[in-house]
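To keep things clear, I will list the structure first and then write my remarks on it.
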Amino acid sequence: MDVKGRTAFITGGASGLGEATARRLHGAGARVFIADMNWDKGGKLCEALGAGSAYAIVDVTKTETVKAGIDQALEAFGAIHILVNCAGTGWASKTITKEAPHDLDIFKRIVDLNLIGTFDCIRWAAFHMQNNQPNEEGERGVIVNTASIAAFEGQIGQVAYAASKSALLGMTMAVARDLARSGIRCCTIAPGVFETPLTGFMAPEMKQAIVEHIPFPKRLGRPAEFAMLVHQIVENPYFNGETIRLDAAVRLPPK
């Protein structure tokens, strides 16, 4: 699907991987709707992008704001052709410590944000995508989710995060098969460790310890490289039902 003239709905689109994706797709001629919790960053990004961009406060853990955001995108641009799910977060806590077991409410919160929030956006976006006019390949929409290599090699303390991200992997093929009859594709990217606002808080020595495990290129990933893959997935019609590692061949150690 050529992104030019299409509309992309991007959750977590005001910063990090989502912002890079918004900039990439908009630069290629797409209209972008940024759905994020940060009003200041989202507004500034729209100012920077200019025409063909819009923004709304969307909390993916609250279905009413997801639906409202989708409705606003439809009102602004008439259709949604591309959904990129970048909203999510991590948490560090072991299954048990000597003092207590893992906080169950926190586990539920991470799953609610990373997994259920992603699916809520998928179901509402796909519901409207099915009404799009198909292109010459019969495509009506493309969905790209963001997992993590922690889905494959969850580290010590990543139990909630790894569980939520590995569930996205299992969901990808099922969603792709569900939506095939409507001409909607679904893929998931599993990034390695990228330079984002979250890793920006890491101490330099912690970053260096991570880099030591990365074969090549021996550095953290750049958000623009994530956005490049999103663009390729959207434009390559044979990408479907697949989870793609984007990690410079790293395999996470236990800790």
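For the range 152-255, give me every one of the helices (runs of 4 or more DSSP H) that falls completely inside it and has 1 or more residues that are within 20 Å of the chain's Cα centre (by Cα) and hydroxyl-bearing (Ser, Thr, Tyr).
Details: elements: 159-179, 204-211, 223-235.
The helices (runs of 4 or more DSSP H) meeting that bar are 159-179.
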Of all residues being of a type in the set (S, T, N, Q) and under 22 Å from Gly16 (Cα atoms) in the range 208-255, which is surrounded by the most Cβ atoms within 10 Å (Cβ to Cβ)? Just the residue, please. Thr243
Contact list please: Cβ distance under 7 Å, first residue in the range 157-181 and touching a residue at least 40 places away in the same chain (Cβ under 8 Å) and farther than 20 Å from Thr89 by Cβ, second residue buried (at least 16 other Cβ atoms within 10 Å of the Cβ) and among the charged types (D, E, K, R), pairs at least six apart or on different chains. Ala176/Arg185
Conditions first: (1) among the small types (Gly, Ala, Ser); (2) surrounded by fewer than 23 Cβ atoms within 10 Å (Cβ to Cβ); (3) assigned to a helix (DSSP H, G or I). Gly29 passes all but one, so which condition is the exception? (3)
I'm told Ser53 meets every condition in (1) over 20 Å from Pro197 (Cα atoms); (2) surrounded by fewer than 20 Cβ atoms within 10 Å (Cβ to Cβ) except one. Can you identify the failing condition by its number? (2)
Just to check your reading of the model, which residue among Ala126, Ala73 is in a helix (DSSP H, G or I), at pLDDT 95 or above and either of a type in the set (S, T, N, Q) or touching a helix residue (DSSP H, G or I) at 6+ places or on another chain (Cβ under 8 Å) (or both)? Ala126
Specify which of the listed residues (Thr118, Thr89, Thr63, Thr97) is among the hydroxyl-bearing types (Ser, Thr, Tyr) and under 13 Å from Ile10 (Cα atoms). Thr118
Can you spot a residue in the range 112-131 that is surrounded by 19 or more Cβ atoms within 10 Å (Cβ to Cβ), farther than 30 Å from Arg6 by Cβ and under 21 Å from the mean Cα position of the chain (by Cα)? no
Which of the following residues is farther than 30 Å from Glu136 by Cβ, among the small types (Gly, Ala, Ser) and modelled with pLDDT under 95: Ala92, Ala14? Ala92
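The values are calculated or read from the model by the stated rules, or taken from the named source; none is laboratory data. Just so it is clear, the model here is predicted, and its values are computed rather than measured. As a convention, Cβ positions derive from the backbone with ideal geometry for all residues, glycine included, and neighbour counts pool all protein chains shown.
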